[in-house]
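The values are calculated or read from the model by the stated rules, or taken from the named source; none is laboratory data. Fair warning: this is a prediction, and the values are worked out from it, not measured in the lab. Note: ideal-geometry Cβ built from the backbone for every residue, glycine included; neighbour counts use all protein chains shown.
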Amino acid sequence: MTDCDMCGKKESAQFDVKIEGTIMKVCSTCKEFGTPIQKPTSMFRTKKRVFQNPDEEKEIVQEYSSLIKRAREKQKLSIAQLASAVQEKESVISSFESGSRSPTLKTAKKLERKLGIKLIQKITSEGVEIEKKEFKPLTMEEKILAALKKKQEGNDK
Ligand SMILES: [Zn+2]
């Protein structure tokens, strides 16, 4: 602990407040003179994912199993031939086609190239949009209306 920036009380500074635009470390008495620095609350933290890697915005399409199987049969490839073309085990290709395992993006890209199909799609951000609406701050007009309503309710009593 450091000394209070306001009154200089020894080892008492434990609050971060903003006083006239300056952030100061002050004691419990002096914190009343400043505006507490708001730490973001979890309520306003959106769940929007931050994508470090552009590949994380993509996912494998749901119908990958039938797409792979149909494209492979159309090209008259055996599972073994397709497996060697994309450097995977036959058992892995079989599990893709049965839908028991979804390909990684890396393998999906190889399959797309080999089979001429689309296996990767962009992740939709619908969920994120809804959250943004929920946490939309009130406009000044809404604040005034809410305040007026509150006042009216008070008068009715
Ligand atoms: Zn103080």
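For this structure, a couple of remarks:
- Filter result for F15 (more than 8 Å from the ligand (Cβ to nearest atom), over 33 Å from the mean Cα position of the chain (by Cα) and modelled with pLDDT of 85 or more): no
- Residue ID - surrounded by the most Cβ atoms within 10 Å (Cβ to Cβ), chosen from residues in the range 18-35 that are among the polar types (S, T, N, Q) and more than 10 Å from the ligand (Cβ to nearest atom): T35
- I123 vs. criteria closer than 17 Å to I60 by Cβ and modelled with pLDDT under 95: yes
- The requirement of being over 24 Å from K58 (Cβ atoms) and at pLDDT below 95 is not satisfied by L77.
- Filtered by the rule that a residue be at negative phi and within 8 Å of the ligand (Cβ to nearest atom), the range 1-12 gives C4, D5, M6, C7, K9, S12.
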